[in-house]
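Contents: one structure, followed by commentary.
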Amino acid sequence: MLDKDGVILTWNPGCELMKGYKAEEVIGQNYSMLFPSFLRDKHLPEKEIAIAKENGRYETENWRRPKSGELFWAFVVLTKITDDSGKFVGFVKITQDQSEKKKLHDQLQSKIEDFKRMNTDLNNFAYTASHDLKAPINNIEGLSLLLKSELENRVNNDGISKIVELMHQSALKFKVVITDMARAAQEESEHYTYQSFKDVVDDIKLLLSNDIKTVQAVFHEDYAEAPFVRYPTKHIRSILQNLITNAIKYKSPKRKPEITIKTTLTEGYTLLEVADNGMGIEEEDKKRIFSMYQRVDNDTVVEGTGVGLGLVAKLVEGNHGKIEVESKVGKGSKFKIFLR
């Protein structure tokens, strides 16, 4: 029982068992003593009294502080009481320890968040698989056409051997992607392992060798400050492959593509910068290029689904990083990937 101002009038054995205080320690004290300090600072005891007085009843779930100081989660009902003449005389306060319920609720919420994350990972994997499989298939297709041309001419046996070897390498890379797909389907989440930027980029350059040769792309690379990053293997590969593919795909028709890749350490992140001298991006398009299935319209017809940069953004943000772009139309673009 409380009086009109929240002063404790009675204290039964249940209160003593739950909160650890004996009756003589609390009777005459304001019931705010049972609140943790962070709730008292918000004047919650006074607000509860005011609401119960006005509405006749107040109930809530919140933290309460027993004598031991170890907080417990409580379900509280505060009920206004009157005497026989209808005069307001105080409150009845009932408290139930709901700590176990709170624990189970938090565990359930944690599982829900885990499932949401897993669902996001599955979506990212679907986008990654569909997007990453296109490059080796296109490469094998292009090499097959070259081989057909060489066979028809029947004059350059060295050329045929080289093309066959490139086809073989592309097929091997294709198998790696398929293997990663099977492995990822069996794993709940990606494992973080140390990746060499140079090794990843070298693999991608081999995968895209036919496209690189066709456009005569030149690479400038500097991994001196941050040669490694602890990151999921298929994620860092997909990020770099998409950025390099776009640098080639959206090259300027006026010059050979130059792709600059640099890694540094900054403010708790490993900063990966991929710059090109391509067509560039209009200012109004910068905000939407990281959305799935959004493509930038331009005068050059370039095949694409709009998945690439959206996928990069999903992978980076899903691993607690961030992505920024600097670009000038006709001059090129620089993508800054902050890897956590």
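The values are calculated or read from the model by the stated rules, or taken from the named source; none is laboratory data. Since we're looking at a predicted model, the values are computed, not measured. All Cβ positions, glycine included, derive from the backbone under ideal geometry; neighbour counts span all protein chains shown. SASA here: full protein model, heavy atoms, side chains in, ligands and nucleic acids out. Shrake-Rupley method; radii C 1.70, N 1.55, O 1.52, S 1.80 Å.
Please go through the stretch 265-280 and give me each residue that is of a type in the set (Ser, Thr, Tyr) and either open to solvent by less than 10 Å² (accessible area, probe 1.4 Å) or within 18 Å of the chain's Cα centre (by Cα) (or both), ordered by number. Correct list: Tyr269, Thr270.
Yes or no, residue by residue, for (1) under 17 Å from Glu326 (Cβ atoms); (2) at pLDDT below 90:
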| residue | (1), (2) |
| --- | --- |
| Gln216 | no, no |
| Asp222 | no, no |
| Pro257 | no, no |
| Val296 | yes, yes |
| Val302 | no, yes |
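Note on the stretch 178-203: among residues that are at pLDDT 85 or above and in a helix (DSSP H, G or I), the one that is surrounded by the most Cβ atoms within 10 Å (Cβ to Cβ) is Phe197. Of Lys53, Lys4, Lys42, all but one fail to be touching a residue at least 12 places away in the same chain (Cβ under 8 Å), over 19 Å from Gln98 (Cβ atoms) and assigned to a loop (DSSP other than H, G, I, E, B); the exception is Lys4.
With Lys287, Lys256, Lys251, Lys262 as the choices, which residue is assigned to a loop (DSSP other than H, G, I, E, B), among the basic types (Lys, Arg) and either surrounded by 15 or more Cβ atoms within 10 Å (Cβ to Cβ) or in contact with a helix residue (DSSP H, G or I) (Cβ under 6 Å, 6 or more places away or on another chain) (or both)? Steps first, answer last, please.
Details: Lys287 fails: either surrounded by 15 or more Cβ atoms within 10 Å (Cβ to Cβ) or in contact with a helix residue (DSSP H, G or I) (Cβ under 6 Å, 6 or more places away or on another chain) (or both); Lys256 fails: either surrounded by 15 or more Cβ atoms within 10 Å (Cβ to Cβ) or in contact with a helix residue (DSSP H, G or I) (Cβ under 6 Å, 6 or more places away or on another chain) (or both); Lys262 fails: assigned to a loop (DSSP other than H, G, I, E, B).
Within the list Lys287, Lys256, Lys251, Lys262, the selection yields Lys251.
The set of residues from the stretch 213-237 being assigned to a strand (DSSP E or B), farther than 24 Å from Lys249 by Cβ and open to solvent by 60 Å² or more (accessible area, probe 1.4 Å) comprises Phe228, Arg230. I'm checking my understanding of the structure. Among residues of the stretch 304-340 that are open to solvent by 20 Å² or more (accessible area, probe 1.4 Å) and modelled with pLDDT under 80, which one is farthest from the chain's Cα centre (by Cα)? Checking each candidate, the answer is Gly304. Counting the residues of the stretch 56-80 that are touching a Phe, Trp or Tyr at 6+ places or on another chain (Cβ under 8 Å), of a type outside the set (Val, Ile, Thr) and farther than 24 Å from Glu100 by Cα gives 1.
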